[in-house]
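Shown below is the structure under consideration.
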Amino acid sequence: IEVEGQMDFDKNMRKDAKIKVDDKEMAGYHHLGEARKARAGGNQELYKKELSLASAALNQATKEQKNNPFAGVKYAEVLEEQGKHKMALEVLYPMLEGGGTPAQGADVRMWCGDLFLKVPDEKGAAPGATNKDKALVQYQKASEAAVYDRSVHETLKQKFEGLGRADLAKAEGEWIADFDKKQEAVSAREEAERKKLEEQKNAPKPDKANE
């Protein structure tokens, strides 16, 4: 009975425990994790509360550590999840284009382009300077950063098609076709080498008695 009582006490202690994390970045990740669990459990009220706490903590972390790309990108991610697309863009875009470029990579560039498309143009935006134009710039930079990532080029091809840029979509299609052709050549060469080694392995050994 005493042991069971201790177990119940420990269980209640864990249930009622409040976890406090002093590091703002780590606190942000903690609250984001709690938000994910709340959403998975169907608790929308707790989900929104924890997401708000994550946003506040990561916001503070980005102010304390201006060159920390991890906190900045995660903060932008939380803002987007809250439906604050313009704010997310205001956090992410300077990290890509603001000098020093602490955040990089094809996926981040594509995401930045996607955010531009979710944000309405400023009133009186000049031709060539609309958010659609800015998104296209980010997508093209994503293509440059993707190097040998076929899936990124395939995604970009679809995005360019959706934005009516057949020329850019065609360029992505040509890259994909060339990549596939090279991959087929490599596979054929590897298969030829494999067969050659297999034939050598299975070749009849010379009969020493007849030598």
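The values are calculated or read from the model by the stated rules, or taken from the named source; none is laboratory data. Predicted model only: the values in this text are computed from it and were never measured. Glycine also receives a Cβ, built like all others from the backbone with ideal geometry; neighbour counts cover every protein chain displayed. Calculation scope for accessible area: heavy atoms of the full protein, side chains included, ligands and nucleic acids excluded. Shrake-Rupley method; radii C 1.70, N 1.55, O 1.52, S 1.80 Å.
Could you give every pair whose Cβ atoms fall below 8 Å, whose first residue belongs to segment 60-71 and is in contact (Cβ under 8 Å) with a residue 12 or more places away in the chain, and whose second residue is exposed (fewer than 12 other Cβ atoms within 10 Å of the Cβ) and not in a helix (DSSP H, G or I), counting only separations of at least 6 or pairs across chains?
Every condition considered, the pairs that remain are N67/G100.
Further, regarding this structure: For segment 143-150, state whether one or more residues are part of a helix (DSSP H, G or I), farther than 30 Å from Q44 by Cβ, open to solvent by 30 Å² or more (accessible area, probe 1.4 Å) and without any contact (Cβ under 8 Å) to a residue 40 or more places away in the chain. Even if it seems obvious, please write down each step before you answer.
To start, the set of residues in segment 143-150 that are part of a helix (DSSP H, G or I) comprises 143-146, 150.
The next check asks that each one be farther than 30 Å from Q44 by Cβ; those that pass are 143-146, 150.
Remaining after also requiring open to solvent by 30 Å² or more (accessible area, probe 1.4 Å): 144-145, 150.
Narrowing further to those that are without any contact (Cβ under 8 Å) to a residue 40 or more places away in the chain: 144, 150.
For segment 143-150, residues part of a helix (DSSP H, G or I), farther than 30 Å from Q44 by Cβ, open to solvent by 30 Å² or more (accessible area, probe 1.4 Å) and without any contact (Cβ under 8 Å) to a residue 40 or more places away in the chain: present.
Still on this model: Sort out which residues of segment 54-74 are open to solvent by 20 Å² or more (accessible area, probe 1.4 Å) and part of a helix (DSSP H, G or I), and write them in order of number.
Listed by number, the residues that qualify are A56, N59, Q60, T62, K63, E64, P69, F70, V73, K74.
Is there a residue in segment 164-180 that is open to solvent by less than 90 Å² (accessible area, probe 1.4 Å), touching a Gly at 6+ places or on another chain (Cβ under 6 Å), within 26 Å of P94 (Cα to Cα) and of a type outside the set (G, A, S)?
Within segment 164-180 (the criterion being open to solvent by less than 90 Å² (accessible area, probe 1.4 Å), touching a Gly at 6+ places or on another chain (Cβ under 6 Å), within 26 Å of P94 (Cα to Cα) and of a type outside the set (G, A, S)), the answer is no, since none of the residues qualifies.
Conditions: (1) open to solvent by less than 50 Å² (accessible area, probe 1.4 Å); (2) part of a helix (DSSP H, G or I); (3) farther than 26 Å from V78 by Cα; (4) not basic (K, R). E161 meets all but one. Number of the miss?
Against the list (1) open to solvent by less than 50 Å² (accessible area, probe 1.4 Å); (2) part of a helix (DSSP H, G or I); (3) farther than 26 Å from V78 by Cα; (4) not basic (K, R), E161 comes up short only on (1).
Name the one entry in P127, P120 that is farther than 26 Å from Y47 by Cβ, modelled with pLDDT under 90 and open to solvent by 30 Å² or more (accessible area, probe 1.4 Å).
Numbers: P120 fails: modelled with pLDDT under 90.
One residue alone meets the criteria, P127.
Here is a further query. Quick check: anything in segment 95-111 within 27 Å of Q138 (Cα to Cα), exposed (fewer than 15 other Cβ atoms within 10 Å of the Cβ) and among the polar types (S, T, N, Q)?
yes
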